[in-house]
1. Can you say whether ARG186 is open to solvent by less than 60 Å² (accessible area, probe 1.4 Å) and among the basic types (Lys, Arg), as far as the supplied structure shows?
2. Of the residues that make up segment 127-143, is at least one aliphatic (A, V, I, L, M) and either in contact with a His (Cβ under 6 Å, 6 or more places away or on another chain) or in contact (Cβ under 8 Å) with a residue 24 or more places away in the chain (or both)?
3. What pairs can you find where one residue is in segment 170-193 and at positive phi, the other is modelled with pLDDT of 95 or more and of a type in the set (Phe, Trp, Tyr), and their Cβ atoms are less than 7 Å apart, with a gap of 6+ or different chains?
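The values are calculated or read from the model by the stated rules, or taken from the named source; none is laboratory data. Please read these numbers as outputs of a predicted model, since none were measured by experiment. We place every Cβ from the backbone using ideal geometry, glycine too, and count neighbours over all the protein chains shown. In case anyone asks, the SASA skips ligands and DNA or RNA and just uses the protein heavy atoms, side chains included. Shrake-Rupley method; radii C 1.70, N 1.55, O 1.52, S 1.80 Å.
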Amino acid sequence: MNHGMSDPATLGGGTAGAASDSDYRIRESEARLERRIAGLEARLVRGRWLARLGVVSLVVSIAAAVVVLRALAPGDGVWAVDSVSTREVVLRDTDGIERGRLATDDDGRAHLALSDREGRARIRLTVLADGSPGVTIHDGESRPRAVLGYLPDGTANLVFADAEGVSRAVLGLEPDGSTQALFADRFGTLRTLVGVGADGAPSVSTFPTP
């Protein structure tokens, strides 16, 4: 009898054991995979619920804010505040057309412009960086037609211009108290000067056409 040969029964038993161990490992791997999938699904569902909860919380917060604002709003719907800080305020009408602008610029000027229904500035109030105030009135074509200005030295002038932009009349007050009125033709040439000196003496001068 050759002792180097194995018993068929022994071989059969080894094969069956190996197969059983392989099946166990396969089932264990499948179980682990199923547990991982279940865990992922659970986290996914939890994430969805958290997202839904966040959306619901946001909606509830907005609704609560609206209710509070409505409760606090005045009867006429107009809010009153003690202070507003900004560099520019734009006023628009019900059609969205700009009708007013209050602003400051980088040159230190502050100005308020009011416009007509076409959005064209018709009156402008300006304060320069040196403190000089001025008012400009524009016509329907946005051309300046009247300007009132006051300078730091005490000089005050009121200037009227025609449609071509030519200064036709100037009324002025000098720092020494004297006053004068100048009238020009359509070419801007001075024709008449009326004044009252600081001493109260009146004067009238006319200038013929060259």
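1. It is false that ARG186 is open to solvent by less than 60 Å² (accessible area, probe 1.4 Å) and among the basic types (Lys, Arg).
2. No - not one qualifying residue is present in segment 127-143.
3. Sorted first by the residue in segment 170-193, then by its partner, the list stays empty.
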